[in-house]
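None of the figures in this text is laboratory data; all of them are computed from the coordinates on show. Quick caveat, the model's predicted, so the values are computed rather than measured. FYI the Cβ positions are ideal-geometry reconstructions off the backbone, even for glycines, and counts take in every protein chain you see.
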Amino acid sequence: MMRSLQQHAGSATLLQRYTTMLASHQAEHYIDVALDQRAKLQQLDRLMGTVVNQSFDGIMTFDQHGVVRTANEAACKLFRCAHRKLVGLHMKALIPDLSAFRPSPHAEPGGDPEKRLEGFVRRPDQTVCPVELALRRISIDGQSWAMAILRDITAAKAHEANLRHLAMHDSLTGLPNRLLLKDRLDQSLRAARRSAEQLNLAILDLDRFKEVNDTLGHQVGDALLVLVAKRLVDCVREGDTVARLGGDEFAILLPQRQGMCTARDVAERIRASLREPFSLAGCVSLEIGVSIGLALYPDDAETGSKLMQCADVAMYDAKRHATGVERYDPAKDLNSIRTLVLSGGLRQAIDNDQLLLVYQPKLDLRSETVRSFEVLARWHHPDHGLIPPDEFVPQAEESGNIVPFTRWTLARTVACLEAFHKKGLAVSLALNLSPRSLHSKEILLFVRELLDGSDITPSAITLELTETAVMLDPAGAVARLEQLHALGLRLSIDDFGTGYSSLSLLRSLPLDEIKIDKCFIRTMTSSPQDRVIVRSTIDLAHNLGLEVVAEGVETLAQMTALKELGCDIVQGFLIAEPIDDQALPDWTANAPWPLERASVGRERMLS
Ligand code: C2E
Ligand code: CA
Ligand code: CA
């Protein structure tokens, strides 16, 4: 356009006309631009309005008096209120307690935590809603307004609570776990300290639960634990905490208030409740015992962890003595034995000659002679005194120290047999074989080595093993027992009747003997039902070609009854308590029953 103007430079009028034209063109252009700008602004305004309205977060403005002036859709939804009703309400009606808002844990790291807060708003329908809130001052027409951005965090809070619950509860039973128990214990201790009250802690461990798990499977074990948990909760009051510590171990926290029944009453109530058989789907009904240890604040311990330790010691004490419930007794604090055994103290005990064997005779009822002894181990500890085998054998099984211990007992048993035979006595010895030892290849090789290096008859050794040991790995056990039997050793199932083994499995094992557990013998003269069990076990064993031993015979009445039922051998305090090395020569010389002499013994062994 400028070039065409210069071409007509001679004509001023023309130039003027052109200039006027140009000016009007420019004005038009400016008007166009201004109109365009306005449209764009309006468009932007609409766009912003849509963005604000469609925002997931609630956005509201409050005027200088704190009155709602605008609210987007999300805000209306959050407050469950129509826009026209929300506008005009005062901030205080919706956010009654701003001072209770706390910095949001989701605030950006390093950002100003005050800017993002967490708290509750109140809806016009009077319900409350957890929100995350950002409040800003804004200036509108020189006046100070406020803008609030609100986010409904109901779902996030529920999720958080769920996670917290999962972290603090046992997923199987839904009971508080060890973590939550510790929390509640600390809390209760603080309260007890303030009000000078006592606090009881009970630790419970189910008896023989491992056998249920090993023999009936984990699913049955789990189902049983769920039922046990329910019964425990039913035995306590609402404010008491029942927790699952893991496995078959539970804890109960009982604040002791005036007039309340004592922890021992609760413990007895629990025992009675658990004694009732549990019926599980697809399974016979199960009975389960429990051992309960009690510890009292402040008498036994002042801190939570010490109180737990004391209750644990008491629980072990109850288990060891089969008393059901024990209160912590510092004199019996054998907690250190557990640590001692687990940390390899048993190996040192072998090296330092602290282990010894005692012998309990088995009386043959037909010939009225003692043909064999059971070998039982003892640990004479310099600090802890005599530690019974059912205390250290299970610990040694756990720690892996069992193999050297079993090698030691085997070697001593063979040496003892040689000494007996040198004296012309043809007695045999029975040795208890722990579950892990049965499955250990090393033990098999060691037995072979021992027999090769000795001239004792292998059948002079009987290995006693429990049903549980077999059920741990039935196929493996059958193979291993066949190997041991092939070496000439006799095999016996110990504590018969207390495990969950199947009869068909027993039939497939190369057994020579069954030992009926002492719990049936104890009650057989008073309970007709137990007498029937004993009688059918004897008949069954005889049908399978096995010898029957009754253990734990304490009275003449029991021995007479056993004789009537055709039992072959009896063992128990009535005949003799386990006898140590020093007392053995005297006992064998003066026993009321003769001992098997070598010549007779050899014939029997050869036959
Ligand atoms: P067990 O094999 O059932 O041994 C019988 C237990 O009952 C022995 O306890 C014995 O002293 C006790 N007893 C014997 N007669 C009577 C009686 O008339 N009445 C009562 N109430 N009890 C009686 P002990 O010696 O404390 O042994 C406990 C368990 O420790 C044994 O039970 C056995 O499973 C295990 N054990 C003992 N020695 C060894 C060992 O050398 N190796 C392994 N692996 N385990 C052993
Ligand atoms: Ca035994
Ligand atoms: Ca036994």
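For a test of the definition: using alpha carbon positions, the gyration tensor, and the 1.5 limit on a/c, classify region 445-590 as rounded, prolate or oblate. Oblate shape, in that a/c is at least 1.5 and b/c is the bigger or equal ratio.
The residues neighbouring Ala146, those whose beta-carbon lies less than 9 Å from its own, together hold a net charge of +1 under the Lys/Arg +1, Asp/Glu -1 convention. Taking chymotrypsin sites (Phe, Trp or Tyr not before Pro) in DSSP loop conformation with at most 14 other Cβ atoms inside 10 Å as exposed sites, the chain has its longest uninterrupted site-free stretch at 57-572.
With a/c under 1.5 counting as rounded, go ahead and sort region 150-235 into rounded, prolate or oblate using the C-alpha gyration tensor (a ≥ b ≥ c being the square roots of the eigenvalues; past the cut-off, prolate if a/b is larger than b/c, else oblate). Oblate shape, in that a/c is at least 1.5 and b/c is the bigger or equal ratio.
Using the Cα gyration tensor of region 379-453, with a ≥ b ≥ c the square roots of its eigenvalues, what is the shape: rounded (a/c below 1.5), prolate (a/b larger than b/c) or oblate (neither)? In terms of gyration-tensor shape, oblate.
Counting only alpha carbon atoms, the long axis of helix 154-168 and the longest principal axis of the chain meet at about 20°. For the chain, the residue among Val242, Val228, Gly324 whose Cα projects farthest onto the positive side of the dipole built from Cβ charges is Val242.
Taking Cα atoms, how many degrees apart are the long axis of helix 528-543 and the longest axis of the chain, rounded to 10 and kept between 0 and 90? Long axis of 528-543 versus the principal axis of the chain: about 70 degrees.
Note: region 500-565, Cα convex hull, 83 Å³ per residue. Seen against the Cα atoms of the chain and their longest principal axis, helix 12-54 is set at about 30 degrees.
What Kirkwood hydrodynamic radius do you get for the chain when you take the inverse of the mean 1/r over all pairs of distinct Cα atoms, in Å? That comes to 31.6 Å for the chain.
Place the peptides 153-162, 39-48, 170-179 in order of packing, highest mean first, counting for every residue the other Cβ atoms within 10 Å and averaging per peptide. Provide the component values of the computation, followed by the final result.
Values: 153-162: 12.0, 39-48: 10.0, 170-179: 16.4.
Per-residue mean Cβ counts within 10 Å order the peptides as 170-179, 153-162, 39-48.
Rank these for me by crowding, Cys81, Cys519, Cys310, going from fewest to most other beta carbons within 10 Å.
Details: Cys81 19, Cys519 15, Cys310 26.
Final ranking by Cβ density, sparse to dense: Cys519, Cys81, Cys310.
Counting Lys and Arg as +1 and Asp and Glu as -1 over every other residue whose Cβ lies under 12 Å from the Cβ of Ser305, the net charge comes to 0.
Ordering Leu562, Pro594, Gln187 by Cα displacement along the dipole of the chain toward the positive end leaves Gln187 in first place; charges were set at the Cβ atoms of Lys, Arg (+1) and Asp, Glu (-1).
When the charge dipole of region 379-491 is built from unit charges on Cβ atoms (+1 for Lys and Arg, -1 for Asp and Glu) and taken about the Cα centre, the candidate among Leu491, Pro435, Pro394 whose Cα reaches farthest toward its positive end is Leu491.
Given Cβ point charges of +1 (Lys, Arg) and -1 (Asp, Glu) and nothing else, what value in debye, to the nearest 20, does the dipole of the chain about its Cα centre take? Numbers along the way, then the final one.
Details: 68 positive and 80 negative charges, 631 e Å.
Magnitude of the dipole: close to 3040 debye.
The alpha carbon centroids of region 344-416 and region 182-231 are separated by 33 Å. Here region 453-495 and region 136-165 have alpha carbon centers that stand 73 Å from each other. With a cut-off of 9 Å between beta carbons, the residues surrounding Leu94 carry a summed charge of +3, where Lys and Arg count +1 and Asp and Glu -1.
Please go through region 213-270 and write out the GluC sites (Glu not before Pro) that DSSP classes as loop and that have at most 12 other C-beta atoms within 10 Å.
Working: sites: Glu238, Glu249, Glu268; in loops: Glu238.
Answer in residue order: Glu238.
Between Phe120 and Ser527, the simple label model (points 7 Å from Cα in the Cβ direction) yields a spacing of 5.6 nm. Antiparallel beta bridges, as assigned by DSSP with both residues in the chain, represent about 75 percent of the total such bridges. The distance from the alpha carbon centre of region 496-573 to that of region 46-88 is 84 Å, rounded to a whole number. When peptides 396-402, 574-580 are sorted by average Cβ neighbour count within 10 Å, with the highest value leading, the order is 396-402, 574-580.
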